[in-house]
Amino acid sequence: MRTMNWGGLTVRMVGGTDGAGGGTGKVVVLLHGYGAPGDDLVGLAGELGGHGSAPARFLFPAAPLSLPAEYGAGRAWWHIDMVRLQMAMLSGQTRDMTREVPEGLEAARTKVVGMLQEARRELALGDAPIWLGGFSQGAMLACDVALRGTEPLAGLAVMSGTLLCEEEWLPLMQKRKGLRALVSHGQQDALLPFAIAERLHQELAAAGMAVTWVPFSGGHGIAPAVLEALAGLLLA
């Protein structure tokens, strides 16, 4: 594993021919969720990377914001009102964020775009498309970067995310027509509603993206079926 600072973000790079990002394999960028340490998703590379002469290279950027001590080494792409979240969960309210534009989303997007641009230069990728994805808050950010930006993408992975910025995202989806995407969500997710994730996949598909929808029995997480489907797309 190598650790770089690209775009002002600490980025861990694994996979490739030497386990540290060597070679010429496709590049996959995965963004972790709220409260996780920056290396939270690194272990997924071994399940997704594939084999052969050009195994995939994985970049795992750490979010720029550190959280209070009770989160350990937890980080965030933007801050969440935890009191509001806890009250909503205790009252059984549906956490509908479709009309929200979270404060800090724009700054996080700028950081990730800068990281992608620097990684592209350092790895001499030219205009080669990359895979971009994430889990939970990282999935929301990955979707936002994909829809608002012009970065050449091979695919998008939205794992246990949700629909944000509805009025802004929906008109932008058609510009990614034909892009391969994976959207997954647990049917018993108590944090982010399954129904809204289902709607996100429907909207992306209606806009012409080639969406693989992976619902699974479980809560807020990444199920084996999700990894299997994502690995299949990466190897395609």
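Where a number appears in this text, it was derived from the coordinates with a stated rule and is not lab data. What you see is a predicted model; the values in this text were computed from it and never measured. Glycine also receives a Cβ, built like all others from the backbone with ideal geometry; neighbour counts cover every protein chain displayed.
Quick notes on this structure:
- Percent of C-alpha pairs per 5 Å bin, the chain, short to long: 1, 7, 15, 20, 21, 18, 11, 5, 2, 0, 0
- If you take all other residues with their beta carbon under 14 Å from the beta carbon of Gly74, and give Lys and Arg +1 and Asp and Glu -1, the sum is -2.
- Note on Lys177: aspartates and glutamates with a C-alpha under 20 Å away, same-chain residues under 8 apart excluded, are Asp127, Asp144, Glu151, Glu166, Glu167, Glu168, Glu198, Glu203.
- Simple point charges give the picture: +1 on the Cβ of Lys and Arg, -1 on the Cβ of Asp and Glu, and for the chain a dipole about the Cα centre of about 480 debye.
- Here is the P(r) of segment 96-236: all C-alpha pair distances, binned every 5 Å from 0, give 2, 10, 21, 24, 21, 15, 6, 2, 0 in whole percents.
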